[in-house]
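*Asks:* Pasting a structure here, questions to come.
Nothing in this text is a laboratory measurement; each read-out follows from the coordinates by a stated rule. As the structure is a computational prediction, the values presented were derived from the model and not from experiment. Please note: Cβ atoms are built from the backbone with ideal geometry, for glycine as well, and neighbour counts cover all protein chains shown.
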């Protein structure tokens, strides 16, 4: 078998910081969502390390999240693609989302 | 890597079925070690001779090749430094998009690689169809579909792996465009990282190092800084790139790289993944509504804890085996073996120092620690089943909020329950169970408070003292002691996190994997791995410690003339020998320190002996109170003796219970602390701080009790 070693990225990701072009006024932290709500990640805030950590588990701009559960004091649970994630409230604060239309 | 045979490495996301595949590939030809300098477990094995005996290493699960966790750091360092002949990237077919994010990064390393597309059965159940052939065409590496839990496709995987490793065709790095701007940054950085240049001399393409620099990877930037000229150049280019991005109001290069990767992954998934209705989702949601509900979740958790605990101790102590008509118990068999070995040795050697060293020091000491092997094996077997089923993550989620108040995390609860949170556990497997805790500070705090809980070895001491002084409130006392030990453990953790192990805990981010049936073989191998680690420790550190304690309780010997006075009274002879020994002298020397707690020299000796193993307290007290050879089962007679002794009062007994609960851990536990923290310092700290803590608590209770007229 022979394999090529060069590949082009099929779609260059936008240079803007948002995934859907939603105005910043319509963005809100994931922590403010209600159970059952479906949202799209617009931006990640916080330290480089925190953002990289979120990206590595599949939370990145453009990704659709469904809120499964919000505990009063505990972390919130969201469904992202095919995985279920428990996120600390502090982390949820750093994920800016917009409502899915 | 200098070696004669090929080496395959399994890499993939957590919960991708990597370890299940490792078990399927290696069977019984596997063992566990630690990666150098850390306590992340290294699972090594080999393929059968039929398949060339190739070495297989199961790397810790990683979501990316960044270093967000110790596991990820270890996985990355291993690939960079060991340069395996082949990477087998295990992908969870039911969660392809996120798994491919790591694949992209692995491909860029230029290490020969194949993909094991695992759990296609689960993907099918969830209405996901994947075109493996198309995935192979897109990524240009071989893709083999497997179901590791059923060993389906494993032989084919081995065949493809050997072909790929032999041909080395995939060794050229996968070059991926991150867009014009980022590619330009990468080229600028690459000019400063010539391939093979120190410190980047690990045969990894310079583009990979450039990507890591642009991602501002702290470890890679640190490496660059250590090499003056390279570091300065890289730093200058990096600052220029970041300044450019800022000026253009663009996201940082690190964000653009991640976005480009996901963009590419999404484009692949659109081509190769077909979805139909996912009926399993309803089941997952229904189960999770129960398992993580604030009320039903706690009921389920108590039932799981109770079940795990009951199973472990019922099997270890033989109760379940007796239903099957099997006499005895695993713990009893090991005790019996060491008793037999002691008797045989005793019979074969003349009475004297050598016989005493072998029988009481080595066989008694090491045997006393190895009796925990069945408990450790069973406990980790159950933990592995819970973990593999997907429930462990729910349990950690449920307990996270309450435990964070004390500076711990959800997973700390399991380690604490195993340690004796449910009375009768053992701190050694509890401390080993803290390996599942990601944050090193929370892990250390958990390790240091686990010994406060009521392990099985403390129970004979409690039972003896309760029988002597609190017989009317026996049940209530045991319940109270369980609550008190939890209170001290949580309070201790709170204090440690505020005074010694300071620092903010990282925010919790945890995958809750889908539920599935664990494999029996996998759980057995996991448990056996832990037992291997424990037995290695028993053969080294514990053996040495047992000899030291024996020496202290044996020497100097009682002069012949004095011993002759007790010729007809073995109990008095044992007491006199103990008093004359170094341990006895220390006990007497310690009287000024411990008399404010109500303890006299004989109690001090017993506490000193208790450092070897807490059960020894009962037998040493028996010797010190002239009962010759007192076993745990015969502690009733000691209870009567203490109840009738004018020096003893219920207040003193209660203070001794509290002191035993809190003071220095036993040798086995200290060894576990040293092994798990990889530092003598923490073993020593645990011994000193817990003894000081125990002294303060016993002093306050004793003196306070005297003040309010509870005797003394």
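*Asks:* Average projected area of the Cα convex hull of the protein assembly as shown, in nm²? Each step should come with its number before you reach the end.
*Replies:* Numbers: hull surface 158.5 nm².
Convex hull of Cα atoms, orientation-averaged projection: 39.6 nm².
*Asks:* When a/c is below 1.5 the answer is rounded, else prolate if a/b is larger than b/c, else oblate, so apply that to the stretch B:220-377 with a ≥ b ≥ c taken from the square roots of the Cα gyration tensor eigenvalues.
*Replies:* Numbers: a/c = 4.21, a/b = 1.71, b/c = 2.47.
In terms of gyration-tensor shape, oblate.
*Asks:* For the stretch B:382-475, what relative contact order do you get, as a whole percent, if you take Cα pairs closer than 8 Å and at least 6 residues apart?
*Replies:* Values: 119 pairs, mean separation 20.8, N = 94.
Relative contact order for the stretch B:382-475 comes out at 22 percent.
*Asks:* Now a separate question. Label chain B by shape, choosing from rounded, prolate and oblate, from the square roots a ≥ b ≥ c of the eigenvalues of the Cα gyration tensor; if a/c is under 1.5 it is rounded, and otherwise prolate applies when a/b is larger than b/c, oblate when it is not. Provide the component values of the computation, followed by the final result.
*Replies:* Details: a/c = 2.11, a/b = 2.03, b/c = 1.04.
It comes out prolate by the Cα gyration axes.
*Asks:* Further question on the same structure: Starting from the Cα-Cα distance between residue B:600 and residue B:679, subtract it from 0.36 nm times their residue separation and give me the gain in nm to one decimal. Can you show the working numbers first?
*Replies:* Details: separation 79, 0.36 × 79 = 28.44 nm, distance 3.39 nm.
Taking 0.36 nm per residue and subtracting the Cα distance, the gain is 25.1 nm.
*Asks:* Still on this structure, I have one more. Pairing the Cα long axis of helix B:180-191 with the longest principal axis of chain B, what angle in degrees results, from 0 to 90 and rounded to the nearest 10?
*Replies:* Helix B:180-191 and the main axis of chain B meet at about 70 degrees.
*Asks:* Partner chain Cβ atoms within 10 Å, averaged over the residues of B:258-266 - can you pull that number for me?
*Replies:* On the way: counts 9, 8, 5, 4, 7, 8, 6, 1, 5.
Taking the mean over all residues of the peptide, I get 6.
*Asks:* In whole Å, what is the distance between the alpha-carbon centres of the stretch B:37-79 and the stretch B:274-301?
*Replies:* The stretch B:37-79 and the stretch B:274-301 have Cα centres spaced 32 Å from each other.
*Asks:* Give me the inter-chain shielding for A:41-48: mean count of other chain Cβ atoms within 10 Å, whole number please.
*Replies:* For peptide A:41-48, the averaged partner shielding equals 2.
*Asks:* If each of residue B:480 and residue B:29 carries a label point 7 Å out from its Cα toward its Cβ, how far apart are those two points in nm?
*Replies:* 6.0
*Asks:* In degrees from 0 to 90, rounded to the nearest 10, what is the angle of the helix B:253-272 Cα long axis to the longest principal axis of chain B?
*Replies:* Rounded to the nearest ten degrees, it is 70.
*Asks:* Classify the stretch B:299-446 as rounded, prolate or oblate, taking a ≥ b ≥ c as the square roots of the eigenvalues of its Cα gyration tensor: rounded when a/c is under 1.5, otherwise prolate if a/b is larger than b/c and oblate if not.
*Replies:* Details: a/c = 3.78, a/b = 1.85, b/c = 2.05.
Here the stretch B:299-446 falls in the oblate category.
*Asks:* Mind ordering B:139-145, B:42-48, B:684-690 by average Cβ neighbours within 10 Å, highest first? Mind dumping the intermediate values first?
*Replies:* Numbers: B:139-145: 20.9, B:42-48: 18.7, B:684-690: 17.0.
Taking the mean over residues of other Cβ atoms within 10 Å, the ranking is B:139-145, B:42-48, B:684-690.
*Asks:* Output the 0 to 90 degree angle, nearest 10, between the alpha-carbon long axis of helix B:391-404 and the longest principal axis computed from the alpha carbons of chain B.
*Replies:* With rounding to tens, the tilt is 70 degrees.
*Asks:* For n ≥ 4 DSSP H runs only, could you compute -39500 (n - 2.57) per run for the protein assembly as shown, divide by its residues and tell me the 222 nm figure to the nearest 500?
*Replies:* Values: 38 runs with 440 residues, N = 813.
Per the formula, -16500 deg cm²/dmol.
*Asks:* Order B:346-356, B:6-16 from most to least packed using the mean count of other Cβ atoms within 10 Å. Before the final figure, lay out the partial values.
*Replies:* Numbers: B:346-356: 11.5, B:6-16: 24.1.
Taking the mean over residues of other Cβ atoms within 10 Å, the ranking is B:6-16, B:346-356.
*Asks:* Over chain B, what relative contact order in percent results from Cα pairs under 8 Å that are six or more residues apart?
*Replies:* It comes to 10 percent, rounded to a whole number.
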